[in-house]
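J.: Dropping a structure here in structure tokens format, bear with me for questions.
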Amino acid sequence: MAYTSFRDFVSYLESRDELMRISTPLATELEITELADRQMKQADGGKALLIERPSVHGRVSCTPLAINTMGSFDRMAAALGVDTISAAAAELQSLVKAKPPTSFYEAVGLIGTALELRHTKPRLVKSGSCQQIVHKLNGEDGNITAGHKSRTPPTILDLPVLKCWPGDTGRFITLPCVVTRDPETGSRNIGMYRMQVFSPESTGMHWQLHKTGAGHAAKYKELGQRMPVSVFIGGDPAFTFCATAPLPDEIDELNLAGFLRKKSVPLVKCLTNDLEVPADADIVIEGYVDPSEPMQIEGPFGDHTGYYSSADYYPVFHITAVTHRNDAVYPATIVGIPPMEDFYIGSATVELFLPILKMTFPELVDLAMPAEGVFHNLVFVSIRKRYPMQAYKIMHGLWGMGQMMFTKYIVVVDECVDVHNTSQVLFHLCANTDPQRDIIFTKGPADVLDHASSHFAAGSKLGIDATRKLEGEGFNRPWPEIIKMEPAVKEKIDKLLRLGAG
């Protein structure tokens, strides 16, 4: 299912009673955060919110704000146009079954090839609704295509950009899909990097050390060239999800979006640089980053870690144009102490790519990232264990995969354990481990936002083998059986309770 705009998605949520409209003006500074946080903290993720009259510095914006739109398992599936994430995952897995991969990255590479064969490659179109209204900045006066309505001043300060938390240094765009291109290979990347509003004509660009955008910027710096950057907001929510997906650099996120939508993504050329953006996006911010100029202090920002990330130097994004639909909706999110909306986005990512992980690790049964681990800090893994030290093989394999390199703690349990039930995992962790024997420490890259690591972007990892122990793992006694009731007795009592309930 493909949505033609973010408003289209919002209307769909409303038709399913998943949306709450707020007509009372609410300030983009703190007030919207407080309301959204209360929804996100509900057991089922609460409801999506459409703030019809967001107030920016006391003035009501003409652009409504949507938040928590992907903050439940049902809404996350709806965002991807599927009944369940598992169904999409099974279809994705079927694309690469014909040639079993030898690694996760080979598997994802095969997905890229398969997506091409499914006709999900983006296609260029002449015009799009994202350019119905055009504002050009910084003396960028190029030709405006007939039919586009131009006006000034620019809209970056008119957008209902949030100041999320009291300690935030300013307003931050929190769901930007940032388009960059490798100057050597020409491959496109769409990443999600928060953007602090510095001025009407500039923002920060928070691409961290390990991110693809930062890698592209380093290449432009070596070439001595200005780096074109465009940012789109809204449109089909599949775009937002795919911007967060852990794809290798050579895989275009819009191919994955086309697969999920069952329809290729129409693209239009930007007006002030040579990049392309989805034609049906709600808002587009065009510009550039000059890698040769000094970086600027960005932050602090109340981050997904639950703490404020420290101020640091990041590139400046110079805005050359802002375009948008006539009926644009501004999607936003907030991050902070979990659970938050990002938990559901991360869970969908795990579920979507789990079948591909299983092709690389056949013993893998399930994987979960509890909300308390804020994505990657804590990972629970269940395996079908056949030989000694197999749990450690899984730990090292996962630490070597993309953003899993940031995982601080990996707990491996047997296949009978439901890794989505933290109580079960903790029971088996406490029952099945000897601390000295079953723990391993190692070192590796750390999230640059991790305030607890001993060094910037570098830290230690802890792996815990909470599986049953085999001979050869330092355990030379019979492993006991876990207590279980006989199936016949369980069935009899089930029947008795059903009759009683009737």
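J.: I need every pair where a residue in segment 326-343 that is touching a residue at least 60 places away in the same chain (Cβ under 8 Å) has its Cβ under 6 Å from the Cβ of a residue that is part of a strand (DSSP E or B), sequence separation at least 6 or different chains.
T.: Listed by first residue and then by second, the contacts come to Ala328/Ile283; Val329/Ala66; Tyr330/Leu65; Pro331/Ala66; Ala332/Leu65; Ala332/Ile67; Ala332/Leu162; Gly336/Gly302.
J.: Mind listing just one residue for me: the one in segment 378-435 that is under 20 Å from the mean Cα position of the chain (by Cα) and small (Gly, Ala, Ser) and, of those, modelled with the lowest pLDDT?
T.: Result: Gly402.
J.: Could you check segment 289-321 and list, in sequence order, the residues that are touching a strand residue (DSSP E or B) at 6+ places or on another chain (Cβ under 6 Å) and within 19 Å of Met340 (Cβ to Cβ)?
T.: Gly299, Pro300, Phe301, Gly302, Asp303, Tyr308, Ser309
J.: Moving on. Which residues, counting only those in segment 329-363, are over 23 Å from Asp74 (Cα atoms) and either within 22 Å of the chain's Cα centre (by Cα) or part of a strand (DSSP E or B) (or both)? Quick ask: steps written out before the conclusion?
T.: At the first step, the residues of segment 329-363 found to be over 23 Å from Asp74 (Cα atoms) are 357-363.
Passing the criteria: Leu357, Lys358.
J.: Looking only at segment 4-48, which residues are within 20 Å of Ile233 (Cβ to Cβ), surrounded by fewer than 23 Cβ atoms within 10 Å (Cβ to Cβ) and in contact with a helix residue (DSSP H, G or I) (Cβ under 6 Å, 6 or more places away or on another chain)?
T.: Listed by number, the list holds a single entry, Leu19.
J.: Checking the structure you have, find out if any residue of segment 227-239 is buried (at least 24 other Cβ atoms within 10 Å of the Cβ), part of a loop (DSSP other than H, G, I, E, B), of a type in the set (D, E, K, R) and under 19 Å from the mean Cα position of the chain (by Cα).
T.: Yes, because at least one residue in segment 227-239 is buried (at least 24 other Cβ atoms within 10 Å of the Cβ), part of a loop (DSSP other than H, G, I, E, B), of a type in the set (D, E, K, R) and under 19 Å from the mean Cα position of the chain (by Cα).
J.: Another one. Mind checking whether some residue in segment 430-440 is part of a helix (DSSP H, G or I) and either aliphatic (A, V, I, L, M) or in contact (Cβ under 8 Å) with a residue 60 or more places away in the chain (or both)?
T.: Taking every residue of segment 430-440 in turn, at least one turns out to be part of a helix (DSSP H, G or I) and either aliphatic (A, V, I, L, M) or in contact (Cβ under 8 Å) with a residue 60 or more places away in the chain (or both).
J.: Continuing with the same structure: List pairs: first in segment 287-307 and touching a residue at least 60 places away in the same chain (Cβ under 8 Å), second among the aromatic types (Phe, Trp, Tyr) and assigned to a loop (DSSP other than H, G, I, E, B), Cβ under 6 Å, 6+ apart or cross-chain?
T.: Every condition considered, the pairs that remain are Gly302/Trp165.
J.: Another one. Which of the residues spanning segment 156-189 are of a type in the set (D, E, K, R) and either touching a Phe, Trp or Tyr at 6+ places or on another chain (Cβ under 8 Å) or assigned to a loop (DSSP other than H, G, I, E, B) (or both)? I'd like the intermediate steps shown before the answer.
T.: Narrowing segment 156-189 to residues of a type in the set (D, E, K, R): 158, 163, 168, 171, 181-182, 184, 188.
The answer is Asp158, Lys163, Asp168, Arg171, Asp182, Glu184.
J.: Among residues belonging to segment 38-82 that are among the aliphatic types (A, V, I, L, M) and touching a Gly at 6+ places or on another chain (Cβ under 8 Å), point out the one that is farthest from Ala371 (Cα to Cα).
T.: Pass one, segment 38-82, residues among the aliphatic types (A, V, I, L, M): 40, 43, 48-51, 56, 60, 65-67, 70, 76-80, 82.
Okay, now just the ones that are also touching a Gly at 6+ places or on another chain (Cβ under 8 Å), so 40, 48.
Working: Met40: 12, Ala48: 19 Å.
This residue is Ala48.
J.: Can you tell me how many residues in segment 286-305 are assigned to a loop (DSSP other than H, G, I, E, B) and surrounded by fewer than 19 Cβ atoms within 10 Å (Cβ to Cβ)?
T.: 6
J.: So, one more: Among (1) crowded, with 20+ Cβ neighbours inside 10 Å; (2) under 18 Å from Val335 (Cβ atoms), where does Gln208 come up short?
T.: That leaves (1) as the condition not met.
J.: Filter segment 89-106 for residues that are among the hydrophobic types (A, V, I, L, M, F, W, C) and closer than 22 Å to Glu250 by Cβ; which is modelled with the highest pLDDT? First the steps, then the outcome.
T.: Within segment 89-106, the first condition is being among the hydrophobic types (A, V, I, L, M, F, W, C), and the residues that meet it are 89-90, 92, 95-96, 98, 104.
Checking which are closer than 22 Å to Glu250 by Cβ leaves us with 89, 92, 95-96, 98, 104.
Numbers: Ala89: 84, Leu92: 74, Leu95: 64, Val96: 55, Ala98: 45, Phe104: 53.
Checking each candidate, the answer is Ala89.
Residue-wise test of (1) in the same structural domain as Gln42 (by TED's automatic domain parsing); (2) within 30 Å of Gln131 (Cα to Cα).
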| site | (1), (2) |
| --- | --- |
| Phe317 | yes, yes |
| Arg325 | yes, yes |
| Ile345 | no, yes |
| Leu354 | no, no |
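J.: If you don't mind, there's one more thing I want to ask. When you scan segment 1-69 for strands (runs of 3 or more DSSP E) that lie fully inside it, which ones turn up with 1 or more residues that are closer than 14 Å to Val161 by Cα?
T.: Values: elements: 19-22, 48-51, 54-56, 65-67.
It comes to 48-51, 54-56, 65-67.
The values are calculated or read from the model by the stated rules, or taken from the named source; none is laboratory data. Source: prediction; values computed, not measured. Don't worry about glycine lacking a Cβ; one is built from the backbone with ideal geometry, like all the others, and counts go over all protein chains shown.
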